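Bear in mind that the values in this text are calculations on the coordinates, not laboratory data. Since we're looking at a predicted model, the values are computed, not measured. Quick reminder, even Gly has a Cβ in these numbers, built from the backbone with ideal geometry, and neighbours come from all protein chains shown.
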Amino acid sequence: MHPRVLEVTERLVERSRATRQRYLAMVADAASQGPQRGQLQCANFAHGLAGCSSGDKQRLRLLDSANVAIVTAYNDMLSAHQPYEQYPEKIRQALRDIGSVGQVAGGVPAMCDGVTQGEPGMELSLASREVIAMATAVALSHNMFDAALFLGICDKIVPGLLMGALRFGHLPAIFIPAGPMTSGLSNKEKAAVRQLYAEGKATREELLESEIKAYHSPGTCTFYGTANTNQMLMEVMGLHLPGASFVNPGTPLREALTTYAAQQVTRLTQQSGQFIALAHIVDERVLVNSIVALHATGGSTNHTLHMPAIAQAAGIQLTWQDMADLSEVVPTLTKVYPNGSADINHFHAAGGVAFLVRELLAGGLLHEDVNTVMGRGLSRYAQEPFLVDGKLQWRDVPTASLDENILRPLARPFSPEGGLRVMEGNLGRGVMKVSAVAPEHQVVQAPVRIFHDQQALADAFKAGELERDLVAVMRFQGPRSNGMPELHKMTPFLGVLQDRGFKVALVTDGRMSGASGKIPAAIHVSPEAIDGGPLARLRDGDVVRVDGSKGELTVLIDAAEFAAREPVLSDLPANVGTGRELFAFMREAFSGAEQGASAFTRNLQSLT
């Protein structure tokens with residue numbers, strides 16, 4: 001093992017010792033009760049099986065048959081989740097074939113950040129993760145189940161499902177993906193039309209036509225944003241079947257993987273004799289593996305929020321410093337948009353997750369001796385699935401990448417490090433993803449222009465007010481202010497300025513997610529402005545240095561003068577409309593960004 005990986009793992013274990021022990025004790029207590037439906041009163045049990053077929057009722061009365069909860073994020077407005085419409089019946093039939101039962105235990109909401117981007121609904125996006133976690137807990141609260149299957153893909157959905165599932169960590173669990181849509185208009189062409197539109201050189205009709213050609217069918221969007229990063233992480237964490245993440249919807253292989261997953265989860269139950277609970281998969285080593293894979297692929301910065309929150313749900317105290325220290329020694333092995341021109345289908349065809357796992361294992365950068373849904377050992381995930389005479393089989397991945405423009409071996413990385421920086425200085429503490437930022441653009445020192453919403457920046461751009469070196473500050477966008485919406489509406493305008501030769505950077509207490517690209521962006525800055533953080537004391541014209549190479553985030557002003565300034569108050573309208581008023585209690589409870597921007601952090605730390 002690489003010494004840095006061991007060092008981070010060991011300190012994570014030590015830091016988490018007390019909370020992890022309490023979490024595992026909770027899990028052991030729940031597991032000791034055996035099949036949960038066997039503990040129910042007769043009337044309770046009768047309610048739980050009243051809607052079942054006669055055959056399923058009889059199986060449920062036999063405690064040696066597994067009852068599998070299905071928790072689904074299906075809706076047909078999200079292309080990624082539309083394929084899930086038929087999954088419950090396919091899963092139920094696969095379980096009946098082996099004498100088990102499946103019940104849809106509950107549904108969770110699934111909103112699309114792509115649809116709500118720049119709209120008021122985006123302010124519910126991060127909060128939806130907490131709602132999903134709670135909805136998952138409600139679904140599993142009936143104590144009818146011996147195992148669980150989770151159907152979810154996109155940005156907040158998988159983290160929320162996993163956070164909720166971990167509070168029922170005594171249950172075996174498998175996450176079942178639906179796969180990415182086939183490739184449409186290239187990401188490079190799509191980005192070019194967006195930038196032309198921002199400059200007024202393309203019409204709205206041309207922009208819409210471009211977007212429809214890019215997002216054209218059921219399946220996950222094909223760029224390497226948060227949704228596809230989720231899928232890669234679930235696979236490397238051993239919560240998917242090997243090779244399951246990026247098989248397209250509606251294909252025979254996709255169907256076979258779904259059937260196998262449904263049946264595999266029953267093999268992990270107490271009745272099977274091969275019991276592996278979710279809590280015994282997601283441990284400190286698996287979390288370190290997930291961060292290594294995140295860096296090696298240049299994955300979404302949203303996971304600097306999600307992974308600490310997921311870790312908290314498992315009683316583990318993961319920090320940004322852990323993540324940044326791993327980034328220093330993990331090479332970048334992939335180039336997928338927005339870090340390159342290829343999409344996720346090209347990555348999968350070049351060797352995909354299996355190739356990535358094999359290379360990282362060979363370099364001592366991943367823990368091999370971990371539990372997975374396929375049993376002990378991560379090396380199984382260096383294999384990829386095939387159908388042979390209609391039967392599912394796994395083979396070792398080819399020894400060479402089929403396209404080194406997309407996926408490279410450890411000996412020839414795109415970069416010697418993963419590209420995540422912890423940004424620190426007198427403006428607070430945040431993160432920057434530099435893997436998509438050219439070296440010559442990683443350091444910007446310029447006067448600031450302060451904005452409190454994205455439309456104000458767009459208006460200033462169109463009025464010609466930003467034609468200079470610029471650090472754009474977008475404040476009052478943190479979790480406690482307005483729910484921490486994504487801020488991608490600014491990206492085309494700042495990209496145009498950079499292309500015109502200006503030095504441009506962004507600083508915000510908000511977030512940019514997996515589609516953040518070529519502009520150096522210090523994001524998730526905390527303390528956030530609404531809590532009187534340093535961003536609230538900035539004024540237009542202050543000179544700020546954003547140094548992505550060294551991780552510096554500073555305003556160049558006398559310390560005493562800066563400290564003496566009164567923080568500016570937000571001038572944003574009240575969080576009312578589009579249901580935002582219902583989430584006021586959650587915004588008040590949100591932790592800081594480094595603690596996952598979660599409403600649960602304080603409670604989980606005290607209870608586990």
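One table, with the values for the structure above:
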| item | result |
| --- | --- |
| Flagged links, alpha-carbon separation over 32 Å, of Lys156/Lys190; Lys90/Lys188; Lys156/Lys391 | Lys90/Lys188; Lys156/Lys391 |
| Nitroxide proxy distance, nm - points 7 Å out along Cα→Cβ at Asp97 and Asp558 | 7.7 nm |
| Among beta bridges that DSSP assigns inside the chain, antiparallel share in %, nearest 5 | 45 percent |
| For Ala342, residues with placed amide H under 5 Å, excluding near neighbours | Tyr337 |
| Quarter of the Cα convex hull surface for segment 420-572, i.e. its orientation-mean projected area (nm²) | 7.9 nm² |
| Crossing angle, helix 303-313 versus the chain [Cα axis fit, 0-90 degrees, rounded to tens] | 40 degrees |
| Amide H contacts of Ser100 (H built 1.01 Å from N, under 5 Å, at least 5 apart or other chain) | none |
| For Leu378, Leu569, order by how many other beta-carbon atoms lie within 10 Å, fewest first | Leu569, Leu378 |
| Residue-wise HN-Hα coupling along segment 277-286, computed from phi with Karplus coefficients 6.51, -1.76, 1.60 (Hz; x: Gly, Pro) | 7, 4, 5, 8, 9, 7, 10, 4, 5, 5 |
| Per-residue HN-Hα couplings for segment 345-361 [Karplus 6.51, -1.76, 1.60; θ = phi - 60°; Hz; x = Gly/Pro] | 5, 5, 4, 4, 5, 6, x, x, 4, 4, 5, 4, 4, 4, 5, 5, 5 |
| Per-residue Cβ neighbour rank within 10 angstrom, fewest leading, Thr266, Thr226 | Thr266, Thr226 |
| Segment 420-572: Lys pairs at Cα distance under 17 angstrom, eight or more positions apart or on different chains | 5 |
| Dipole magnitude of the chain about its Cα centre (Cβ charges: Lys, Arg +1; Asp, Glu -1), debye to nearest 20 | 1060 debye |
| Near-label residues of segment 19-41 by backbone N, under 16 Å of a point 7 Å along Cα→Cβ of Phe275 | 24-39 |
| Expected 222 nm ellipticity per residue - DSSP helices of 4 or more, -39500 (n - 2.57), all of the chain, to 500 | -11000 deg cm²/dmol |
| Charge dipole magnitude, Cβ of K and R +1, D and E -1 - segment 420-572, Cα centre, debye nearest 20 | 380 debye |
| Positive-end residue of Val373, Val101, Leu196, charge dipole of the chain with Cβ unit charges | Val101 |
| Charge dipole of the chain about the Cα centre (unit charges at C-beta), most positive-ward option of Gln383, Val444, Ala411 | Gln383 |
| Residues Val576, Val131, sorted so that the one with the fewest Cβ neighbours within 10 Å comes first | Val576, Val131 |
| 15 Å Cα-Cα reach of Lys335 towards aspartates and glutamates, excluding residues that sit fewer than 8 places from it in its own chain | Asp343, Asp403, Glu404, Glu417 |
